[in-house]
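Written out below as structure tokens is the structure these notes cover.
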Amino acid sequence: RDMGKCVNEYLDSHGIGDKVTIRWHENLAVASMTMARGRKSCEGTLNLPKQPGKKYSRALWVQGLLDHEIGTHFTCSINDLATAPYLRGSFAAGAAGGSRSFNNFPRSRKVTPREHLVTEEGLATLNTHMSAKVKLLNGPALSYWTRWQGSQMGFTQLFEALEPYVSDLQKRWQQCYRCKRGLTDTSEHKSYAKDQCYFEGAYKLLEGRRHIDFRLLHSGKIALEEYADARAAWLRLVNSRAMQNVALVTPHFLKKEGEYEDYLETIAAANGIEANPKPKIEGYKNQRDVTLVPYSDRSKKRSVVTSPVA
């Protein structure tokens, strides 16, 4: 099938066909997406190659790309426009008489950009693998390992160290130059560590999968380090009249109740990641176990508060 047609169908099915533009490029190594966000609008540009290689012709690969760029990053960004005024404003803990707004740590330490990046890229990594036949997180794990090794050795040594794991010379070269990009002297023991966020975030999310409302994570730009306060603010929002004014984009994989949760159990089992009964979520132990109704179903009761978490 034509890749452009697949992209347009995906956008139209989510009601955002007028918000994302497809831009075709003659020489493009990797597909990517850029976003322009204002105070009241968010628009995206999906950059795709005019002459795609073999992987772009595979329907499952294209589906994974769209679930990553549109279903995760663009969805979180556009939903954040709708929810941030409430979650970080009128319904935040500080605004409701509490001690702080949800985007602040206890002791008023703000969540860092990297912590936001780890959560969202981890979410995008899990969503990318949803359509894959093999659920192993080999690629993200290799990137994490490579960035660590890159901080201990130069380009040539790293290229040799990768040989047992990446036999293809071109793919090994790509791993090395992604690791050393930005350096004028690639023999330095330094690396560009952003690519570690994919595996790190996915691992943290899978560890805490039974304690996390993933629909909430898709409703804005929310880091795990602020999850507990964000959830408390979300509970106030869904029980208020203001919720009637909040229009959210729901990714296709979250529309069927229980389906996403089953997928998380599948990919966690494939990678040997056990659920942590006490996940490392900032402030979680001080919160009550709140079960939230998916925001796409507003006809049901908004929330149910159960017993405290042990």
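Tabulated data for the structure shown
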quantity: Percent of alpha-carbon pairs separated by more than 14 Å within segment 196-271; calculated: 68
quantity: For ARG147, net neighbour charge (Lys/Arg +1, Asp/Glu -1) across residues whose Cβ lies under 15 Å away; calculated: +3
quantity: FRET E, pair TRP145, THR184, Förster distance 30 Å, beta-carbon r, rounded to 0.05; calculated: 0.75
quantity: Spin-label model distance (nm) - GLU274 vs LYS194, 7 Å beyond Cα toward Cβ; calculated: 3.6
quantity: Loop-located chymotrypsin sites (Phe, Trp or Tyr not before Pro) in segment 142-189 whose Cβ has at most 16 other Cβ within 10 Å (DSSP); calculated: TYR165
quantity: Listed residue (GLN170, SER143, THR112) projecting farthest to the positive dipole end of segment 99-229, Cβ model; calculated: THR112
quantity: Pair THR112, GLU257: separation of 7 Å Cα→Cβ label points (nm); calculated: 4.0
quantity: Net length gained if the chain between ARG58 and LYS135 were fully extended (0.36 nm per residue, minus Cα distance); calculated: 26.1 nm
quantity: Accessible-area ranking of HIS218, HIS211, largest first, probe 1.4 Å; calculated: HIS211, HIS218
quantity: Under 5 Å, built H, 5+ apart or other chain: amide partners of GLY208; calculated: ASN276
quantity: Charge sum, other residues only, whose C-beta stays under 9 Å from GLY220's C-beta, Lys/Arg counted +1 and Asp/Glu -1; calculated: +1
quantity: Links that overshoot a 30 Å alpha carbon limit, given the list LYS50/LYS256; LYS110/LYS171; LYS19/LYS171; LYS110/LYS204; calculated: LYS50/LYS256; LYS110/LYS171; LYS19/LYS171
quantity: Segment 215-280: GluC sites (Glu not before Pro) in DSSP coil with no more than 10 other Cβ atoms inside 10 Å; calculated: GLU274
quantity: Candidates per trypsin sites (Lys or Arg not before Pro) in segment 110-172, loop by DSSP, up to 14 other Cβ within 10 Å; calculated: LYS133
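The values are calculated or read from the model by the stated rules, or taken from the named source; none is laboratory data. Values in this document were obtained by computation on a predicted structure and should not be read as measured data. As a convention, Cβ positions derive from the backbone with ideal geometry for all residues, glycine included, and neighbour counts pool all protein chains shown. These area figures cover heavy atoms from the full protein model, side chains too; ligands, DNA and RNA do not enter into them. Shrake-Rupley method; radii C 1.70, N 1.55, O 1.52, S 1.80 Å.
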